[in-house]
1. What is the Cα convex hull volume of the range 1-85 when expressed per residue in Å³?
2. Under a plain spin-label model, where a point goes 7 Å from the Cα along Cα-to-Cβ, how far apart in nm are ILE121 and PHE30?
3. Output the Kirkwood hydrodynamic radius of the chain, Cα pairs only, in Å rounded to one decimal.
4. Hey, got the dipole for the chain? About the Cα centre, +1 on K and R Cβ, -1 on D and E Cβ, debye to the nearest 20?
5. Where does the chain land at 222 nm, in deg cm²/dmol rounded to the nearest 500, when only DSSP H runs of n ≥ 4 count, each adding -39500 (n - 2.57), divided by all residues?
6. Please report the relative contact order for the chain, taking Cα pairs under 8 Å with a sequence separation of at least 6, and give it as a percent rounded to a whole number.
7. Enumerate the amide H contacts of ILE121 below 5 Å, restricted to partners 5 or more residues apart or on another chain; note that Pro and chain-start residues carry no placed amide H.
8. Taking a 18 Å limit on the Cα-Cα distance, which of the listed pairs LYS79/LYS100; LYS79/LYS136; LYS113/LYS136; LYS100/LYS133 fall beyond it?
Amino acid sequence: MLVRPAVLDDIPAYMELAAAFVATTPVSDFIPFDPEGAAAFVAGALDNPDMLVLVADDEGEIVGITAALAYPMYFNPNKLVAQELWRYLAPAARGGPAGKLLFQTIEKWAKTKGAEAMFMIALADERVDTMAKVYKRSGYAPVERIYAKGGIS
C-alpha cells in the first residue's frame, strides 16, 4: 500500500471514489455531485501549495482518496490551521492500512506547513461513532457540530 500525491492521470479513478463518497454522505441531500466540476476542482488543487490531494494506491489500483487545506485561522490570521476536506476508502480497503496511512500523511503535511491545529471531519452518518473513537485515540477532541439547510437560494 502506497499513499502518494495524486496526479492528473489519477483523476478518473479519483472521481469514481469521490462519487461513491458523496453518495454516502448527508451532504448529498443538499448538493448534488458534479463530476466535471469536482474533477476541475481536484485538478486545480494539485497545483495549489495550500492543498494536499492524496491517493491510496494498492498495486496500481486507487482504493482511497483524501484532501486537506491549510489556511489562516479567521479569528487569528497569524495562525495557520489545516483541515481535512474529505477522506474515503473503497469498501474492500476498509480495515486495512489505507485509512490510517492517509490520516497520518495529512497530519505530517499539516505539520510541515506549520499548522497550529488540524481539523478532521466526522460526517453525521452511521460511522460517526467509529470516527469519533478513531479521532479521540489520535488526540483529537470534538470542537463543534455543523448543521446544514438546503434550498436557501
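1. Spelled out: Cα convex hull of the range 1-85, divided by residues, is 109 Å³.
2. Using points 7 Å along Cα→Cβ, the separation is 1.1 nm.
3. For the chain, inverting the mean 1/r across all distinct Cα pairs yields 16.3 Å.
4. Roughly 820 debye for the chain.
5. -11000 deg cm²/dmol
6. For the chain, the relative contact order is 23 percent.
7. Amide H neighbours of ILE121, under 5 Å, 5+ apart: GLU84.
8. Among LYS79/LYS100; LYS79/LYS136; LYS113/LYS136; LYS100/LYS133, the Cα-Cα distance tops 18 Å for LYS79/LYS100; LYS79/LYS136; LYS113/LYS136.
The values are calculated or read from the model by the stated rules, or taken from the named source; none is laboratory data. Note that the structure is a prediction, hence the values are computed from the model and not measured. Virtual Cβ from ideal backbone geometry, glycine too; neighbours counted across all protein chains shown. SASA here: full protein model, heavy atoms, side chains in, ligands and nucleic acids out. Shrake-Rupley method; radii C 1.70, N 1.55, O 1.52, S 1.80 Å.
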